[in-house]
Amino acid sequence: MAVQQAIACVDLENWLSEALQQRTRSFQDELGTTYAYLEGAYGGETLLLWLPRGTLGEVVSALLPHSFKGRMVLAIDASPGHAVPFARALYWVAPRRVLLVQPGHSGVGFRTPGQKEIAEGEWVPWSDERSARTLRVMAPTGVEYLETRCYPPCEAEPPHPDLPEIPGPHLLGFGWERGIPTYGLGLVGLSESLGALLSNWRLLKESGWKV
């Protein structure tokens, strides 16, 4: 039964990805990240939603109740949460803000202590003097990149006073280093949390969002 459910989830993910590509401006970059551009009403800004594989269905369902202003870009990560593809997404999208979707959490993440991996599976604090290991990674597209397993600390102001805090994702600092407000957003209760943030940022409108 578990295998059948996993296959069904993959099938749904693929179907949704294809549907978005047919109905939106979309593309896949050289590192395998798939982008779908959702256009809202005039007067907003560009918001990047960085999604782990397997979460597209839940994210799309969370978006449906909301009418937004500006542009929302869904970026489906083809890596296991690496910084190099994420940094490339920031280049392609040039967002005003970023939300990193975090499965298994409910709330918003806005700080992380930082960490580095010095040997396979051996993680130490970011301030540790030992060098982080570097991985040579083959993207699904066949392009290779080097992922240095060193993820800097970051601490920002909470983006909403009423949302519970969750541990910030390890990629948090890479957005802030580029001057882009970047937050983690739990997949549990995503629709409510996203609505609260969009309202706080004045990016909600009364009706209708389109693709």
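The values are calculated or read from the model by the stated rules, or taken from the named source; none is laboratory data. Keep in mind the model is a prediction, meaning the values are calculated, not measured. Glycine also receives a Cβ, built like all others from the backbone with ideal geometry; neighbour counts cover every protein chain displayed. Note: accessible area is taken over every heavy atom of the protein model, side chains too, but ligands, DNA and RNA are not part of it. Shrake-Rupley method; radii C 1.70, N 1.55, O 1.52, S 1.80 Å.
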Heavy-atom accessible area order for 30, 157, largest first, 1.4 Å probe | 157, 30
What relative contact order, as a whole-number percentage, does the chain give when Cα pairs under 8 Å and 6 or more residues apart are counted?
-> 25 percent
Take the alpha carbon atoms of the chain, find their radius of gyration, then divide it by 2.2 N^0.38 Å using N residues; give the quotient.
-> 1.02
Note down the nm distance, to one decimal, between modelled labels 7 Å out along Cα→Cβ at residue 92 and at residue 45.
-> 2.2 nm
The distance between the Cα centres of the stretch 148-186 and the stretch 30-87, in whole Å, is 17 Å
Solvent-accessible area of residue 105 with every protein chain in place, 1.4 Å probe, in Å² to the nearest 10 = 60 Å²
Hey, if you drop one equal point scatterer on each alpha-carbon of the stretch 59-123 and run the Debye formula without solvent, what base-10 log of I(q)/I(0) do you get at q = 0.27 Å⁻¹?
-> -1.48
For residue 30 and residue 188, extending 7 Å from Cα along the Cα-Cβ vector and measuring point to point gives, in nm, a value of 4.0 nm
By how many degrees, between 0 and 90 and to the nearest 10, does the Cα long axis of helix 2-23 differ from the longest principal axis of the chain?
-> 60 degrees
Report, in degrees rounded to the nearest 10, the 0 to 90 angle that the Cα long axis of helix 83-93 makes with the longest principal axis of the chain.
-> 30 degrees
If one takes the longest principal axis of the Cα atoms in the chain, at what angle in degrees, from 0 to 90 and to the nearest 10, does the Cα axis of helix 190-200 lie?
-> 80 degrees
Where in the stretch 101-117 does the label zone of residue 202 land, with the point 7 angstrom along Cα→C-beta and an amide N cut-off under 14 Å?
-> none
Express the Stokes-Einstein translational diffusion coefficient of the stretch 120-173 in µm² s⁻¹, to the nearest whole number, given a Kirkwood radius over alpha-carbon pairs, 37 °C and a viscosity of 0.692 mPa s.
-> 233 µm²/s
Under 1.5 on a/c is rounded, so check that first for the stretch 34-79, then, if it is not, pick prolate when a/b is larger than b/c and oblate when it is not; a ≥ b ≥ c are the square roots of the alpha carbon gyration tensor eigenvalues.
-> oblate
Return the FRET efficiency for the residue pair residue 178, residue 157: r is the Cβ-Cβ distance, R0 is 22 Å, and the value is rounded to the nearest 0.05.
-> 0.80
